[in-house]
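Just below is one structure, and these are the notes that go with it.
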Amino acid sequence: MEISSKIIDKFCGLLHFLNLSKNEFEMVADEIEDCNLRTALHGLSLESNQCADELTSQLKTLGIPFKIPQTFELCMAEPVVPAAEYIPGRGNELMNICSNSENTITNAYSEILSDYLPVNSLREMMMYQLNALKYAFMKIKTLNNARFAH
């Protein structure tokens with residue numbers, strides 16, 4: 001099976017962002033007092049980790065020459081994603097973190113999905129992951145807004 005080095009680099013970048021998201025949302029969750037929001041943030045952290053593990057496993061199973069240690073440096077230059085405008089106020093810091101992470105991850109998935117992937121099961125798994133992550137971000141945003149609505 002032949003997948004271009006360009007797509008392999010995109011996978012590397014996606015895995016990098018999923019791991020960053022996992023770590024970032026674990027730290028943010030520890031700072032949140034609202035139990036439901038904290039649980040949703042931990043859920044997003046776990047979801048990001050699971051997506052990274054599933055992708056890595058699927059790539060290995062398909063025999064795609066993917067070695068994180070050799071290509072990880074290529075991922076370190078994060079793509080420029082337009083940041084959501086930060087508006088000071090209660091809960092806006094978390095909304096900004098969520099929006100930026102969601103944009104980065106969504107763009108990373110979209111770049112891979114817009115390229116030719118010779119394995120349909122990989123594409124389907126990625127679509128499922130992308131939808132699950134979007135749902136997790138939506139849940140966090142909703143819970144964050146609800147904690148300030150009186």
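We did not get these values from a lab; they are worked out from the coordinates using the rules stated. None of the values given here were measured: they were computed from a predicted structure. When we count neighbours, we look across all protein chains shown, and the Cβ atoms used for this are built from the backbone with ideal geometry, even at glycine.
Work out how much length Thr106 to His42 would gain on full extension: take 0.36 nm times their residue separation and subtract the Cα-Cα distance, in nm to one decimal.
21.1 nm
Ordered by residue, what ³J(HN,Hα) values in Hz, to whole numbers, does the range 43-55 give under the Karplus form 6.51 cos²θ - 1.76 cosθ + 1.60, where θ = phi - 60° and Gly and Pro are x?
These are the phi-based 3J(HN,Hα) values: x, 5, 4, 5, 4, 4, 5, 5, 4, 4, 5, 5, 4 Hz.
Given the pairs Lys6/Lys141; Lys22/Lys134; Lys60/Lys139; Lys60/Lys141, which are separated by over 26 angstrom at their Cα positions?
Lys6/Lys141; Lys60/Lys139; Lys60/Lys141, as the Cα separations exceed 26 Å there.
At 0.36 nm per residue, minus the direct Cα-Cα distance, what do Glu33 and Thr56 gain on full extension? Give it in nm, one decimal, please.
4.9 nm
I need the calculated FRET efficiency for the pair Met125 and Asn19, taking r as the beta carbon distance and R₀ as 22 Å, to the nearest 0.05.
0.80
Project the alpha carbons of the range 89-129 onto their principal axes and report the range along each, largest first, in whole Å.
Projected onto the principal axes, the Cα atoms of the range 89-129 cover 46, 16, 7 Å.
Please list, in order along the range 106-120, the HN-Hα scalar couplings obtained from phi with the Karplus expression 6.51 cos²θ - 1.76 cosθ + 1.60 (θ = phi - 60°), rounded to whole Hz, x for Gly and Pro.
Listing the rounded values in order: 4, 5, 5, 5, 4, 4, 6, 5, 7, 8, 6, 10, x, 10, 5 Hz.
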